[in-house]
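> Shown below is the structure under consideration.
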Amino acid sequence: MKKLILGIESSCDETAAAVVADGKDILSNIIASQIDIHSYYGGVVPEIASRKHTEAIYTVTEKALKEANVSLSGLSAIAVTAGPGLVGALLVGVSFAKSLAYAAGLPLVPVHHIEGHIAANYLAHKELKPPFICLVASGGHSHIVYADDYLNFEILGRTRDDAAGEAYDKIARVLGLGYPGGPKIDKLSKEGNGKAVKFPRVRFDDCFDFSFSGVKTAVMNYVHNMEQKGEKICRADIAASFQEAVIDILIGNTIAAAKQKNVNTVCLAGGVASNTRLREKMTKEAEKKGFKLYYPEPVLCTDNAAMIACAGYYEFLSGKKAELTLNALPSVKLGQKL
Ligand code: KG4
Ligand code: ZN
């Protein structure tokens, strides 16, 4: 019998529910995005996010079950993002999943959000198996993770300041492009010259950590200097040059980590993994250096619940089960007990 997992995700500004069979077949994947509301404020407003999750979660879950043509009694478990994320936003998903699990007598499986992003690759590529190196780059995280097996993760590098997506969002704001900045910079960069301005690419000698505050400040200073001098800026060139710097940093560390771990499979995950230039440049590197590269389609890169159901499936098989005392864990680290 197939094991059907209902996934629930509400860690930031997407209310999502999905049903996944045996950790690989997506039967439904419903996402209610709040982007329109938050873009009005130029970024995610946590209090608004929580309220919108409360409004949407019931309908989104009902839709996911209906589209998958499954009732609660047909499920094996309910998986929910327990953290990290915005505490109020997480609490909506966690409370809803707890009530549903209690009412339906189903096991409740807590999932780490980053583990979910990594698992999106299993949904997109049925043949993929660990071990591999995964670059997880999103609005809240920039990690290089060694996935030893489905449930074991070693963090080889993390950002020391901004996450990659956060840097994209901030620079998009400086350039007046709006929120979320990643897709906007991605698009505008296609019209610009990535070599127009040489922005710094920070790397550390002894580890695979990231730092994006240097490149962010350099772009801001460049824009302000030009404005002070009354010179016209070419936004497409700045966007492309900024993007080139960020991508070089991401790729450089990821490939070095794969080399150190002696693995020839590399995966991309998280919202920034949908960046067309990152995919293109990484693909070229993979061909040149002879490693296999995987990345999910954009809808599975950004926040969704199918990835939570997939990660939840492997956790469920391992016997992981949360009590109804489960709380939202806004700062939980990957690998920490949920
Ligand atoms: O994974 P995600 O939906 O949420 C978090 O877990 O943070 O990632 C959202 C982030 C935002 O910062 C957004 O600007 C960035 O991913 N993003 C992109 C692209 N699409 C989304 N960054 C670069 N290029 C893109 N095409
Ligand atoms: Zn995410």
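> Is it the case that region 203-215 has a residue that's in a helix (DSSP H, G or I), assigned by TED's automatic domain parsing to the domain that holds residue 137, over 26 Å from residue 45 (Cα atoms) and among the aromatic types (Phe, Trp, Tyr)? Give the steps one after another, and end with the answer.
Residues of region 203-215 in a helix (DSSP H, G or I): 213-215.
So of that shortlist, the ones also assigned by TED's automatic domain parsing to the domain that holds residue 137 come out as 213-215.
Right, trim to over 26 Å from residue 45 (Cα atoms) and you get none.
Within region 203-215, not a single residue is in a helix (DSSP H, G or I), assigned by TED's automatic domain parsing to the domain that holds residue 137, over 26 Å from residue 45 (Cα atoms) and among the aromatic types (Phe, Trp, Tyr).
Residue-wise test of (1) within 13 Å of residue 16 (Cβ to Cβ); (2) in the same structural domain as residue 16 (by TED's automatic domain parsing); (3) more than 15 Å from ligand 1 (Cβ to nearest atom); (4) at pLDDT 95 or above.
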{"position": "32", "(1), (2), (3), (4)": "yes, yes, no, yes"}
{"position": "64", "(1), (2), (3), (4)": "yes, yes, yes, yes"}
{"position": "93", "(1), (2), (3), (4)": "yes, yes, no, yes"}
{"position": "107", "(1), (2), (3), (4)": "no, yes, yes, yes"}
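> Sticking with this structure for a sec: Taking interchain pairs and intrachain pairs at least six residues apart, which have beta carbon atoms under 8 angstrom, with the first residue in region 157-183 and closer than 14 Å to residue 143 by Cβ and the second within 8 Å of ligand 1 (Cβ to nearest atom) and in a strand (DSSP E or B)?
Filtered contacts from region 157-183: 163/137; 164/137; 165/137.
> If you don't mind, there's one more thing I want to ask. Give the residues of region 178-198 that are assigned to a helix (DSSP H, G or I) and of a type in the set (Lys, Arg), sorted by residue number. Step through it out loud before you land on a result.
So in region 178-198, the residues assigned to a helix (DSSP H, G or I) come out as 181-189.
Hits for region 178-198 are 184, 187.
> Do we find a residue being away from ligand 1 (no atom under 15 Å from the Cβ), in a helix (DSSP H, G or I) and among the aliphatic types (A, V, I, L, M) anywhere in region 263-272?
No, because not a single residue in region 263-272 is away from ligand 1 (no atom under 15 Å from the Cβ), in a helix (DSSP H, G or I) and among the aliphatic types (A, V, I, L, M).
> In region 8-25, which residue that is crowded, with 23+ Cβ neighbours inside 10 Å and either more than 16 Å from ligand 2 (Cβ to nearest atom) or in the same structural domain as residue 184 (by TED's automatic domain parsing) (or both) is nearest to residue 311 (Cα to Cα)? So that I can check it myself, show each step before the final result.
We begin by selecting, within region 8-25, every residue crowded, with 23+ Cβ neighbours inside 10 Å; these are 8-13, 15-20.
Filter again for either more than 16 Å from ligand 2 (Cβ to nearest atom) or in the same structural domain as residue 184 (by TED's automatic domain parsing) (or both), leaving 19-20.
Working: 19: 12, 20: 10 Å.
Residue satisfying both the conditions and the ranking: 20.
> Please go through region 307-338 and pick out each residue that is over 19 Å from the mean Cα position of the chain (by Cα), among the hydrophobic types (A, V, I, L, M, F, W, C) and part of a loop (DSSP other than H, G, I, E, B).
Selection gives 322, 324, 326.
> Name the residue, out of 90, 65, 100, that is in a helix (DSSP H, G or I) and in contact with a Pro (Cβ under 7 Å, 6 or more places away or on another chain).
90
> Continuing with this model, one more query. What's the number of the only condition in (1) assigned to a helix (DSSP H, G or I); (2) within 11 Å of ligand 1 (Cβ to nearest atom) that residue 162 fails to meet?
(1) is the only condition that residue 162 fails.
> Specify which of the listed residues (305, 286) is within 30 Å of residue 50 (Cβ to Cβ) and crowded, with 17+ Cβ neighbours inside 10 Å.
Only one candidate passes the filter, namely 305.
> Could you list, in sequence order, the residues of region 243-283 that are basic (Lys, Arg) and within 23 Å of residue 299 (Cα to Cα)?
Residues of region 243-283 basic (Lys, Arg): 259, 261, 277, 279, 281.
Matches in region 243-283: 277, 279, 281.
> Among the residues of region 8-40, which ones are outside any loop (DSSP other than H, G, I, E, B), of a type in the set (D, E, K, R) and under 18 Å from residue 93 (Cα atoms)? Even if it seems obvious, please write down each step before you answer.
Step one: filter region 8-40 for residues outside any loop (DSSP other than H, G, I, E, B), giving 8-9, 14-21, 25-33, 35-40.
Keeping just the survivors that are of a type in the set (D, E, K, R) gives 9, 14, 25, 36.
Within region 8-40, 9, 14 meet the criteria.
> Sticking with this one: Starting from residues that are touching a Lys or Arg at 6+ places or on another chain (Cβ under 8 Å) and more than 26 Å from residue 166 (Cβ to Cβ), keep the ones in region 26-55 and report whichever is farthest from ligand 2 (Cβ to nearest atom).
Once the filter is applied, the top-ranked residue is 28.
This table checks each residue for (1) near ligand 1 (Cβ under 10 Å from one of its atoms); (2) in a helix (DSSP H, G or I); (3) of a type in the set (A, V, I, L, M).
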residue	(1), (2), (3)
111	no, no, yes
130	no, no, no
140	yes, no, no
143	no, no, no
167	yes, yes, yes
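> Separate question: What do you reckon, is residue 227 part of a helix (DSSP H, G or I) and free of Cβ contacts under 8 Å to residues at least 40 places away in the same chain? Walk me through how you get there before you give the answer.
Numbers: part of a helix (DSSP H, G or I): yes; free of Cβ contacts under 8 Å to residues at least 40 places away in the same chain: yes.
Spelling it out, residue 227 is indeed part of a helix (DSSP H, G or I) and free of Cβ contacts under 8 Å to residues at least 40 places away in the same chain.
The values are calculated or read from the model by the stated rules, or taken from the named source; none is laboratory data. The shown structure was predicted, so the numbers you read here are calculated from the model rather than taken from an experiment. FYI the Cβ positions are ideal-geometry reconstructions off the backbone, even for glycines, and counts take in every protein chain you see.
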